[in-house]
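Participant: Below you'll find the structure I mean.
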Amino acid sequence: AAATAAAAAEKALRGGPSSSALLDEIPLPAPVMSVTDKASFDTSALPDAFDPITKTGRWRYEAKLGEGGLGVVYRAMDCKGQQGEVAVKVLKRHSKTPHRDARHAFAMHRESQWSLWWLHNSYDERYVEESAGLFAKYLEDHTGFSELPPASFDAKRRLYEAPGFNWDRDGPPLPARPYVVMELVRGEPLQAAIDRERRTLPSKEEPPSLAVTEKRAVLLEAARALEYLARFSLIHRDFRGCNMHLVQREGAAGPCRLKVLDLGVMICADPGQEQNCNLAVQAFRRRGDTEEKRKRYDWLPWEVRIEGATIAVNFAQPSYSFDVFSFGVLVLHLLVGKTECRAILDDLQQGARMPDTTVLGLGPEMVRRMISSDPTKRPKPGEILAMLRAGQPKPSVPLAATPLLTAPPTTAPLPTTTAKAGVSERPPATATAAAAAAAAGGPPAVAVAVSAATVAPGAEAKVQRGSRSRSRSPGRRVSRGQGPREAAGGKNGVAVGGAKADEEEERKRQEERRRRWQGSAAANSLSAGAAPAAPTAAAATAAAPAAATAAAPTPKPAPAPAP
């Protein structure tokens, strides 16, 4: 087109046709939108599609948003009503015989009714507006079940969810293309943001990865959603990142906000539903024929995953335990990524060490309870929500330095060593670790061990390399003259290991240990009168179990003369 226009212009300059004739020769671009335009997909088979020529139909389908096991979701515009731009979920064909798709249509009917009559029904005494806003709102039901008897939703559930109901034989006739209408939720799936963080070369056009504060906000919103479901005894059963949308990122508008989508397999924890064999109640029975495929269903609790069971387990009591397990897996996805989570989940079930989740506002033991093999040990949503709102426990190390696996604590954790300017931050070494290092022939170390049972809140230990140790806790001061010569067993559980003899004897012992110490540890050698350096976190961690039983306070020796 550009070449033709240039040739025509040159012809006009040489005395060619008039400007009006020139315009006739220049091809004009087609309009951006035409009444005869068609979507990039075939809309002829979609229900109640708007025809711009005949002006019939209601929905102008604009784009395909996604596809799941139950249906396909499209963005559409309401050309006749007042709904505006919406999401239309159309049932997929599962069988060549239409009546055999009735159970899938009932599942779609049921998911719309959970929203219309339960979660978003302001006349229900359990309704909470702020919590209901965490779920995508359903607007209309066109599955055909609303017109079928019995009239009430609860009566329909009792009929069509009965264990003896035969869908192949008794399935009711339905419209050609059953569908439901939902509010259009903008944003991006949470799982997309999680996966993007683990990619080595993310696109510059993509949104940034989730910050730690955003991950905490996401978990807080998700916990609130679970607490709201528990008010209705509802089980989502598909509570994972691909069914949650980030509708707002952290910024000037406020914190990160989340919306939960897809209630397609949600059921109520009515009596007898735990092992109901009705096909409309069961879900995720076919999980693949290989171990790799089965691991993709990582959000399903252990009791639901039992292979080869004669009786299907839809969920276990307490009813919230299903979604709480899924919540725990979501925590691990946010922390280590989807692939790593699937690789370690089975090991965690067998008692492997739990990743350090404190950076996300949840203690490792809390997350271990979430994915416990015993459903009764899983915490209630309110308990999870309380910990997240309190913001405890706080992370002891930066996120980038968080180790993948940490041993489950058997006692209260030690407080974090506060580093001074120019000194890198590290976990505190213990006096017992220093004793173990000395026994192994290494250089002596000044260790600050704080007993969780005796230290008052706010007690702080500071260690600075190359200078005298100073330890401060409520009710105690350590003078400069004491330095590393303070003996173990001080007040509030603060113990400072040091020389137990005069200056000359200590210097000889240090020289002997220095000769036996090899490698990089030689850099920690101490001159006479200088405070020894604290051992590394790895050395302290390795020595702590062995020295824990041998640790005992020693009587305070007489102070040595100042150097």
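Participant: Would you please name the residue that is nearest to residue 139 (Cα to Cα), looking only at residues in the stretch 59-81 that are within 39 Å of the chain's Cα centre (by Cα) and charged (D, E, K, R)?
Facilitator: If we take residues in the stretch 59-81 being within 39 Å of the chain's Cα centre (by Cα) and charged (D, E, K, R), then 78 is nearest to residue 139 (Cα to Cα).
Participant: Can you name the number of the only condition in (1) open to solvent by 50 Å² or more (accessible area, probe 1.4 Å); (2) basic (Lys, Arg); (3) part of a loop (DSSP other than H, G, I, E, B) that residue 237 fails?
Facilitator: Just one mismatch for residue 237, condition (1).
Participant: Continuing with this model, one more query. Please go through (1) in contact (Cβ under 8 Å) with a residue 40 or more places away in the chain; (2) over 30 Å from residue 130 (Cβ atoms); (3) of a type in the set (S, T, N, Q) for residue 310 and return the number of the only condition it doesn't satisfy.
Facilitator: (1)
Participant: Okay, next question. Counting only residues that are open to solvent by less than 30 Å² (accessible area, probe 1.4 Å) and over 20 Å from residue 277 (Cα atoms), how many does the stretch 287-315 have?
Facilitator: Looking only at that region, the number is 2.
Participant: Among the numbered conditions (1) touching a Lys or Arg at 6+ places or on another chain (Cβ under 6 Å); (2) at positive phi; (3) modelled with pLDDT under 95, tell me where residue 279 comes up short.
Facilitator: (2)
Participant: Can I ask one more? The conditions are (1) within 16 Å of residue 235 (Cβ to Cβ); (2) open to solvent by less than 20 Å² (accessible area, probe 1.4 Å); (3) without any contact (Cβ under 8 Å) to a residue 24 or more places away in the chain, and residue 348 fails exactly one of them. Which is it?
Facilitator: (1)
Participant: Could you tell me whether residue 75 is open to solvent by 50 Å² or more (accessible area, probe 1.4 Å) and assigned to a strand (DSSP E or B)?
Facilitator: Yes; evaluated as a whole, the condition is true for this residue.
Participant: Continuing with this model, one more query. Considering the stretch 173-202 alone, what residues qualify as being touching a Ser or Thr at 6+ places or on another chain (Cβ under 8 Å), in a loop (DSSP other than H, G, I, E, B) and surrounded by 17 or more Cβ atoms within 10 Å (Cβ to Cβ)?
Facilitator: Selection gives 174, 178.
Every residue, every condition in (1) within 23 Å of residue 105 (Cα to Cα); (2) polar (S, T, N, Q); (3) at pLDDT below 95, yes or no:
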{"position": "292", "(1), (2), (3)": "no, no, yes"}
{"position": "301", "(1), (2), (3)": "no, no, no"}
{"position": "308", "(1), (2), (3)": "no, no, yes"}
{"position": "317", "(1), (2), (3)": "no, yes, no"}
{"position": "326", "(1), (2), (3)": "no, yes, no"}
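Participant: Would you check if residue 284 is in contact with a helix residue (DSSP H, G or I) (Cβ under 8 Å, 6 or more places away or on another chain) and open to solvent by less than 30 Å² (accessible area, probe 1.4 Å)? Reasoning before the result, please.
Facilitator: Details: in contact with a helix residue (DSSP H, G or I) (Cβ under 8 Å, 6 or more places away or on another chain): yes; open to solvent by less than 30 Å² (accessible area, probe 1.4 Å): no.
No; evaluated as a whole, the condition is false for this residue.
Participant: Tell me whether the stretch 316-339 contains one or more residues that are over 21 Å from residue 242 (Cβ atoms) and either open to solvent by less than 10 Å² (accessible area, probe 1.4 Å) or under 13 Å from the mean Cα position of the chain (by Cα) (or both).
Facilitator: yes
Participant: Scan the stretch 265-305 for residues that are over 25 Å from residue 350 (Cα atoms) and not in a loop (DSSP other than H, G, I, E, B) and report the count.
Facilitator: The qualifying residues number 2.
Participant: Another question about this same structure. Please go through (1) more than 30 Å from residue 381 (Cβ to Cβ); (2) basic (Lys, Arg); (3) within 35 Å of the chain's Cα centre (by Cα) for residue 157 and return the number of the only condition it doesn't satisfy.
Facilitator: (1)
Participant: Just for the stretch 82-98: of the residues that are over 14 Å from residue 183 (Cβ atoms), open to solvent by less than 60 Å² (accessible area, probe 1.4 Å) and not hydrophobic (A, V, I, L, M, F, W, C), which one is nearest to the chain's Cα centre (by Cα)? Talk me through it step by step, then tell me what you get.
Facilitator: So the first thing to find is which residues in the stretch 82-98 are over 14 Å from residue 183 (Cβ atoms), and the list is 90-98.
Now restrict to residues that are open to solvent by less than 60 Å² (accessible area, probe 1.4 Å): 90-92, 95, 97.
Subsequent filtering for residues that are not hydrophobic (A, V, I, L, M, F, W, C) retains 92, 95, 97.
Working: 92: 30, 95: 36, 97: 41 Å.
Step by step, filter the stretch 82-98, then rank; the result is 92.
Participant: Confirm whether residue 344 is among the β-branched types (Val, Ile, Thr) and not in a helix (DSSP H, G or I).
Facilitator: Values: among the β-branched types (Val, Ile, Thr): yes; not in a helix (DSSP H, G or I): no.
Against the criterion (among the β-branched types (Val, Ile, Thr) and not in a helix (DSSP H, G or I)), residue 344 does not qualify.
Participant: Output the residue which, of all residues in the stretch 210-229 that are in contact with a Pro (Cβ under 8 Å, 6 or more places away or on another chain) and open to solvent by 50 Å² or more (accessible area, probe 1.4 Å), is farthest from residue 154 (Cα to Cα).
Facilitator: My answer is 213.
Participant: Count, please, the residues in the stretch 240-264 that happen to be more than 15 Å from residue 119 (Cβ to Cβ) and part of a loop (DSSP other than H, G, I, E, B).
Facilitator: Looking only at that region, the number is 7.
Participant: So which residues in the stretch 81-105 are more than 19 Å from residue 46 (Cα to Cα) and part of a helix (DSSP H, G or I), if there are any at all?
Facilitator: Initially, the stretch 81-105 is screened for residues more than 19 Å from residue 46 (Cα to Cα), giving 82, 100, 103.
Matches in the stretch 81-105: 100, 103.
Participant: Working carefully through the options 258, 246, 229, find the one that is at pLDDT 95 or above, out of contact with any strand residue (DSSP E or B) (no Cβ under 6 Å at 6 or more places or on another chain), closer than 27 Å to residue 187 by Cα and not small (Gly, Ala, Ser).
Facilitator: Working: 258 fails: out of contact with any strand residue (DSSP E or B) (no Cβ under 6 Å at 6 or more places or on another chain); 246 fails: out of contact with any strand residue (DSSP E or B) (no Cβ under 6 Å at 6 or more places or on another chain).
The unique qualifying residue is 229.
Participant: Six or more apart or on different chains, Cβ under 9 Å: which pairs go from a residue in the stretch 82-104 that's farther than 17 Å from residue 67 by Cα to one that's loosely packed, with under 13 Cβ neighbours inside 10 Å and among the hydrophobic types (A, V, I, L, M, F, W, C)? Could you list them?
Facilitator: Taking only residues 6 or more apart or on different chains, the pairs are 98/176.
The values are calculated or read from the model by the stated rules, or taken from the named source; none is laboratory data. The structure presented is a predicted model; accordingly, all values stated were derived computationally and were not measured. As a convention, Cβ positions derive from the backbone with ideal geometry for all residues, glycine included, and neighbour counts pool all protein chains shown. For accessibility, only protein heavy atoms count, side chains too; no ligands or nucleic acids. Shrake-Rupley method; radii C 1.70, N 1.55, O 1.52, S 1.80 Å.
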